[in-house]
Every structure is written in structure tokens, then in C-alpha cells.
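Worksheet for the structure shown next.
The values are calculated or read from the model by the stated rules, or taken from the named source; none is laboratory data. Please read these numbers as outputs of a predicted model, since none were measured by experiment. Heads up, the Cβs are rebuilt from the backbone with ideal geometry, glycines too, and the neighbour counts pull from every protein chain shown.
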Amino acid sequence: METQEVSGRSALRRGVLASHLLSGGTKGNARLTATTGLVLLVLLAVEGVTILAIRPLLSLPVFIGLLLIPPVVLKLAATGYRFVRYYVRDVDYVKKGPPILLMRMLVAPGLVAATVGVFATGVALLVIGPAGGIVLGLHKASFIVWLGAFAIHVLVYAARVPGLVVADWSHGGGTPGARLRVGVVALSLVLGLTLAVAALPADGPWLHRA
Ligand code: HEM
């Protein structure tokens, strides 16, 4: 009986948190997407630098690659929520409208597929080790597709980011859930750090190869 009550209470708490997180509507969703995008931009820039010197620095791109996974999942969850709300004809999301046609039909699907490809093959390489063969080939191929889609994505959206992020950091500007959105982004970074530290032992075979 008691465990049922406890799980009931935590389910209720999760429900309240989720509804609070979503209480910002389309504005809140765009701000969460943009804030996560900014975090990704910084981490991916560092990842990019370490990839240029991949052999001597090999543990760093692996570490940052794992650190990136929860923020990427958060980004896909926020944009996926918008996608679903639009297609279930949620009034506010229909009024906001879909992304521009090029982004909607080509760049976004390519970016999402390549992102899943790069990270899934990256984790698989960590598990398989240096004898990655075809997985290493898939990792490099999805990275090339990802780089193209990502470059267009950032070029199209970078200008929107400062306004959306500042709006949430300056007490939300009347849109509820600002602190929770910032908290969720911070939590995704803490989860990423935990994952990257926990997986450090798996780097060994790659480091020796390097
Ligand atoms: C792995 C990296 C990323 C992935 C997978 C990703 C994915 C997406 C997707 C699927 C959408 C919705 C479709 C669309 O509007 O085109 C989106 C929207 C957006 N992204 Fe990204 N993105 C990434 C990185 C970034 C970065 C680095 C920035 C910052 C420059 C950014 C800023 C935005 C903005 C501002 C929107 C529109 C938000 C709105 O108006 O609702 N994204 N992203």
C-alpha cells in the first residue's frame, strides 16, 4: 500500500513538473530549443577542435561525445514535441506554423537522422573497440552528412538564438517555466558529465591504439 502511495506521489510530481515545463507553450518550447542549441554549439565547437587533433587527444572527443548525448536527446525531445503538437493540430503550434520548407523537408530530417547515426555508431565503436571496421566507416559517413545539415541549420537559426535565450534568462519575460527550462538544460549537462566519466574505462583500447 505504502509503495503504491509513494510511486503515486512521484508520478504526480513528474506530471506537475512536465506540465510546468510545457506551460510556456510555443514560446517556451522555442526558448528551450534555442538554449539547448546554444549549449550544443559550444560543446560541438570544442568537439570540432579536438577532432582536428584526434590522435594525441583521442580521449577528449570520446569524452565530449558522450557528454553531448543528453543535451542532444533534450534537443530532439523539444523539437519532436513541437513536431507532434503541430501534426495533432494543437491550435498554438498550428498558429506558429511549421519550419520553412527547406528546413522542414530536407535539413531537419537529414540532421536528425545523421545525429542519431553519428552518436549511435560512436557509442557502438566504444563498445566494439578499435576493430570497428564497417561501424567506423558508418560513423565517418554519417558525420559528413551531419556536418552539411548542421552547417545549414546553424546558418538559418543562429540569429534567432540570442533573443530566445536572453528572454528566458531575464526572468522569462512573462512566459511561465523559465527557471525549469534552464534547470532541465543544466540537468542534461550533469547527466552528460556523469555518462562521460562513467565510460572513461571504455576509452582504454582506443587510447592504446592512438
Ligand atoms: C546536434 C545538433 C542539433 C540538432 C540535432 C538540432 C535539431 C533541430 C530540429 C529537428 C529542429 C526543428 C526543425 C526545424 O525547425 O528546422 C531545430 C530547431 C531549431 N534549432 Fe536546432 N539542432 C541542433 C543544433 C542547434 C544549434 C547548435 C543551434 C544554435 C545555433 C540550434 C538552434 C535551433 C533553433 C533556434 C531552432 C528553431 C526553434 C523554434 O523556433 O522553435 N540548433 N533543431
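One residue is enough: does region 188-210 have a residue meeting the conditions modelled with pLDDT under 85, within 21 Å of Gly117 (Cβ to Cβ) and of a type in the set (A, V, I, L, M, F, W, C)? Walk me through how you get there before you give the answer.
Taking region 188-210 and keeping what is modelled with pLDDT under 85, we get 200-210.
Within this subset, residues satisfying the condition of being within 21 Å of Gly117 (Cβ to Cβ) are 202, 206.
Among the residues that remain, those that are also of a type in the set (A, V, I, L, M, F, W, C) are: 202, 206.
Yes, some residue in region 188-210 is modelled with pLDDT under 85, within 21 Å of Gly117 (Cβ to Cβ) and of a type in the set (A, V, I, L, M, F, W, C).
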*Those residues of region 137-166 which are among the hydrophobic types (A, V, I, L, M, F, W, C), more than 8 Å from the ligand (Cβ to nearest atom) and modelled with pLDDT of 90 or more, in sequence order*: Leu138, Ala141, Phe143, Ile144, Val145, Leu147, Ala149, Ala151, Ile152, Leu155, Ala159, Val165
*Sort out for me the helices (runs of 4 or more DSSP H) sitting completely within region 123-204 that have 2 or more residues that are among the aliphatic types (A, V, I, L, M) and touching a His at 6+ places or on another chain (Cβ under 9 Å).*
178-198
*What are the residue pairs meeting all of these: first residue in region 102-122, first residue assigned to a helix (DSSP H, G or I), second residue of a type in the set (Lys, Arg) and more than 7 Å from the ligand (Cβ to nearest atom), Cβ atoms under 9 Å, and 6 or more apart or on different chains?*
Thr121/Lys140
